[in-house]
Amino acid sequence: MDENKFKIKIDDVEREAELLKTVVVDDKNYAIYSVDNGDETSDILASQIIKNEDGSMMLVDLETDDERSKLKDIVTAMFS
């Protein structure tokens, strides 16, 4: 599997995703990635990257409207 591709669970359904970019905003790391919809379309999503106690990385949902707004601006700029 391509090193930029990974599996992610969305609404209890495992889907294939591809990492597009990582960014740092306000000292937090974020992943911007595409998720294949299975119908030749993809969604672009962003999640915060956190490190678990065992050192592995995990994606978590964006928690605040401010976070969502900042990441939306970055994604919009990426595809403009």
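When we screen K70, K51, K9, K5 for residues that are touching a strand residue (DSSP E or B) at 6+ places or on another chain (Cβ under 9 Å) and in contact (Cβ under 8 Å) with a residue 40 or more places away in the chain, the only hit is K70.
For the range 45-77, a residue qualifies if it is surrounded by fewer than 13 Cβ atoms within 10 Å (Cβ to Cβ) and either of a type in the set (S, T, N, Q) or in contact with a Gly (Cβ under 6 Å, 6 or more places away or on another chain) (or both), and the qualifying residues are N52, S56, T64, S69, T76.
Bear in mind that the values in this text are calculations on the coordinates, not laboratory data. All of these numbers come straight from a predicted model, not from anything done at the bench. Neighbour counts are summed over all protein chains in view; Cβ atoms, including those assigned to glycine, are modelled from backbone coordinates with ideal geometry.
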